[in-house]
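Every number here is computed from the coordinates shown, using simple stated rules; none is lab data. Remember, it's a predicted structure, so these values are computed and weren't measured experimentally. Here Cβ is always computed from backbone atoms with ideal geometry, including for glycine, and neighbour counts include all displayed protein chains.
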Amino acid sequence: MPLFFRHGRGLTLTEAGKIFLQRGRAALSEMEEAFEAIAELKVSPSGTVHVGLPPSVAKLAMANLARRFRAEFPAASLKVIEMYTGDVPEQLATGRIDIGIFYESQVAATVCSEAIFVEDLYLVGGPESLFFKDAKCPFDILQEIPLILPARQHGVRSLLDREATRSNRLLHPILELDAMSPLLELVRQGIGYTVLPIASVHDLVADNVVKASMIVNPVLTRKVFIGVSRERPFSSACRAALRLVRQTLDDSATKACWRSASELAWQPAPGNSL
C-alpha cells in the first residue's frame, strides 16, 4: 500500500503511512534501547559466573578475587566452588562451571585451557623439625619420615605416587586425610610431615607455624592451568571474571612461588588453547 500521497505542495502521509510511522518509531526506539543495553554489558556485566578452584588456589586467591569482582561488577554474581583439582576439568567439560583452575590433567574437547604457571612441591613440617636447616631436601627423605598425605584423588598425592613408582621408591604414609585443616594441624603438632605447594601454606610459613623445604632430586613440579567451558554461553560477565582471575593469580604468583609457564620449553596445553 502507498505510504505517501504526492501533491503540489509536496508529500502527505496516507493512513497506511501514519500507521507505519507510528510503529516504525516504536521499533527504532526498541532497537536503540537494545543497543544501549548491550553496550551497558561491557561496562557493567550481569549474570552469575561459576568458578572452580582447587583448595590451594582458593586459599591463596579466593578472597581477593571475590572482593575485586564485587567492586568492579556489582550487577553480576560470582559463585566460587572449592573442589579437587581432578574434578575441575570434569566440571568444565560438562558445563557445570564457567572458569576453572586446575593442575596437569587430560581434558575434554569441550574445554579450552592454557598453562599459566609452574609450581614446585615442598616438604612441610612442624616448627621444631630438624629437617629444615636447608632450603631444599631430597626426595629420598620421604621414605624415612612419617608422612601425612592427602587422599589419592588429590593432585599432589598422584604426583608423589607416580614419582615413587617411577624411581622404585616406597612411600608409607601413616595417615591419609581429605581435609586440609586437620592435616596441617597434625603437621604443626609434629605428628608427621606432608607434601604441598607453598600456595597451600604460605601464610603458615610466614608466621613460623610450619616450615617448608623444596623437594629436589628430583624436583617435583606441576603446571597450573586456567580453563573455560565451551558447554556454557561465555557471557560478558564470564569474560570480566576471566580477566580478574588472571590478574588475581598474577598478583599472587610471588607469594605462591609460581613461575611463569613460558619459562619452560613450550608444551601445548591439554585440550583447546585459550
Open item on the list: With the cut-off at 1.5 for a/c, could you classify region 13-104 from its C-alpha gyration tensor as rounded, prolate or oblate?
Closed with: prolate
Open item on the list: Need one word for region 149-190: rounded, prolate or oblate. Basis is the Cα gyration tensor (sqrt eigenvalues a ≥ b ≥ c); a/c below 1.5 gives rounded, then a/b vs b/c decides.
Closed with: prolate
Task: Convex hull volume of the chain per residue (C-alpha atoms, cubic angstrom) - done: 173 Å³
Open item on the list: Could you tell me the calculated FRET efficiency between Arg166 and Ala71, based on Cβ-Cβ distance and R0 = 45 angstrom, to the nearest 0.05?
Closed with: 0.45
- [ ] For the chain, find the longest principal axis of its Cα atoms and tell me its angle to the long axis of helix 15-43, 0 to 90°, nearest 10.
- [x] 20 degrees
- [ ] Quick one: which residues, 5+ away or cross-chain, put their amide H under 5 Å from the amide H of Phe117? H built at 1.01 Å from N.
- [x] Val224, Ala261
Open item on the list: Over 19 Å between Cα atoms: which of Lys133/Lys211; Lys59/Lys79; Lys211/Lys255 fall into that group?
Closed with: none
Open item on the list: Could you tell me what a quarter of the Cα convex hull surface of region 76-163 works out to, in nm² with one decimal place?
Closed with: 8.4 nm²
Task: Summed residue charge, Cβ within 13 Å of Leu92's Cβ, Lys/Arg positive, Asp/Glu negative - done: -2
Open item on the list: Need one number: nm distance between label points at Met214 and Glu128, each 7 Å from Cα along Cα→Cβ, rounded to one decimal.
Closed with: 3.0 nm
Task: Helix 236-256 axis, angle to the chain major axis (alpha carbon atoms, nearest 10°) - done: 20 degrees
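Could you calculate, for region 150-274, the ratio of the Cα radius of gyration to the Kirkwood radius, expressed as Rg to Rh?
Values: Rg = 17.4 Å, Rh = 17.4 Å.
Checking Rg against Rh, the ratio lands at 1.00.
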TODO: Evaluate the distance, in nm, between pseudo-label points positioned 7 Å from the Cα of Glu33 and of Ala63 along their respective Cα→Cβ axes.
DONE: 4.4 nm
Open item on the list: Give me the percent relative contact order of region 141-251, please, defined on Cα pairs under 8 angstrom at least 6 residues apart.
Closed with: 24 percent
Open item on the list: What is the angle, in °, between the Cα long axis of helix 55-72 and the longest principal axis of the Cα atoms in the chain? Nearest 10 is fine, range 0 to 90.
Closed with: 30 degrees
Task: By average C-beta atoms within 10 angstrom, highest first, the peptides 164-171, 91-98 - done: 91-98, 164-171
Task: Anisotropy class of region 215-267 from Cα gyration tensor, a/c 1.5 cut - done: prolate
